[in-house]
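**Student:** Once you've had a glance at the structure underneath, I'll fire off some questions.
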Amino acid sequence: MPEVDLFLSAAAEEVLPIYKIGIDELRPGFRIFRDKTASAVPVGTLYEDVYHTVVVAPATSNTVAKCAFGISDSLPTNMFAQAGKLGIPGIVFACDTEPVVVTKSPHDWVTLRPRRLELDNVERLRSIDFCRVVASPAELEAALDTRLNELSLAWNTSSS
């Protein structure tokens, strides 16, 4: 399988340590690109016909809302918007997809009750061309497996 590129926004780099996840601990095989300025450089790589899929995972309710309404003012939302305009499929692992969500916070498990607004944004996102919304890590893995099968590709399980 072609190497996977991971574009980390500045916000993602701030959130990972809260969950005690180091960048070096992320799945082997990722080439990691850090975006600490504007997202134009990473987005420009979409025009080079290198990527077959864009994955936004996890997508907060803020990111979902922006994607659902065409706002592209951050690295994830800009990548999503430009990929869609190029016909590159996107997979979005959306938060707040059910009336009750139990999630891990930095210190404990919490129960959230997304508002109708957040649930409607997820549904709006589902209606966007070239977008598949998933709601769990298992669904994300299944969507990635499906996408790789569509492309006659397989996971590269080597650690080098």
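Since every read-out is calculated from the coordinates, none of them should be taken as a lab result. Everything numeric in this text was worked out from a predicted model, so none of it was measured. Because the Cβ atoms are built from the backbone with ideal geometry, glycine has one as well, and the counts that use them run over all protein chains shown.
**Student:** Convert each backbone phi in region 115-130 into a coupling constant with the Karplus relation 6.51 cos²θ - 1.76 cosθ + 1.60 (shift: θ = phi - 60°), then list the ³J(HN,Hα) values in order as whole Hz, x for Gly and Pro.
**Tutor:** Calculated HN-Hα couplings, in order: 6, 3, 4, 5, 5, 5, 5, 5, 5, 4, 4, 4, 8, 7, 4, 6 Hz.
**Student:** What's the local net charge at ILE128, with K and R +1, D and E -1, over the other residues with C-beta under 13 Å away?
**Tutor:** Net of charged neighbours comes to +3.
**Student:** Sort SER72, SER152 by Cβ crowding within 10 Å, fewest neighbours at the top.
**Tutor:** SER152, SER72
**Student:** I'd like the FRET efficiency for ASN156 and ILE21, computed as 1/(1 + (r/R0)^6) with the beta carbon distance as r and R0 of 22 Å, rounded to 0.05.
**Tutor:** After rounding to 0.05, the efficiency reads 0.55.
**Student:** With 10 angstrom as the radius, rank ARG132, ARG115, ARG124 by how many other C-beta atoms surround their C-beta, starting from the fewest.
**Tutor:** Ordered from fewest to most neighbouring Cβ atoms within 10 Å, ARG132, ARG115, ARG124 come out as ARG115, ARG124, ARG132.
**Student:** Please give the contour-minus-distance gain from GLU98 to GLU123: 0.36 nm per residue of separation, less the Cα-Cα distance, rounded to one decimal in nm.
**Tutor:** 7.9 nm
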